[in-house]
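Below is one structure, written out as C-alpha cells; the observations come after it.
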Amino acid sequence: MNSDQLKGKWKQVKGSVKERWGKLTDDDIEVINGQHEQLIGKVQERYGVAREVAQKQVNEWNASVAGEPDVQERRKASGA
C-alpha cells in the first residue's frame with residue numbers, strides 16, 4: 001500500500017496500527033492521519049528504536065495489511 005492508499009484507507013486500518021503498536025496514543029493516531037512518514041516517526045519515538053528499525057516494522061505491517069482484502073470484499077466473499 002503506497003502513501004496515498006494508506007491515507008485513503010486510514011480509518012479502516014488505524015485499528016490495526018493500534019493493535020500492532022499499542023504504545024501509540026489516540027493523539028498519535030490523529031497526528032499520523034495516514035501519513036507513512038509520520039507513522040514511522042511515531043513508532044521510532046514511542047519505542048525508542050532506530051529509524052531503520054521503525055521503517056522495517058512499518059513496511060512489514062504495511063505489506064500484511066495490503067495483502068488483506070478490503071472490508072467490503074470480505075463481506076461479499078462471506079455472503080453478508
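Taking 0.36 nm per residue of separation and subtracting the Cα-Cα distance, what length does fully extending residue 16 through residue 49 add?
That works out to 9.9 nm of additional length.
Return the lysines within reach of residue 56: Cα separation strictly under 21 angstrom, same-chain partners fewer than 8 residues apart disregarded; answer none if there are no such residues.
Answer for residue 56, where 21 Å is the Cα cut-off: 7, 9, 14, 18, 23, 42, listed by chain and number.
Modelled label-to-label distance, residue 25 and residue 59, 7 Å Cα→beta-carbon offset: nm?
Output for this residue pair reads 3.0 nm.
Values in this text are rule-based calculations from the coordinates and carry no lab data. Not measured: the values here are computed from a predicted model. Note that we place each Cβ from the backbone using ideal geometry, even for glycine, and neighbour counts take in every protein chain shown.
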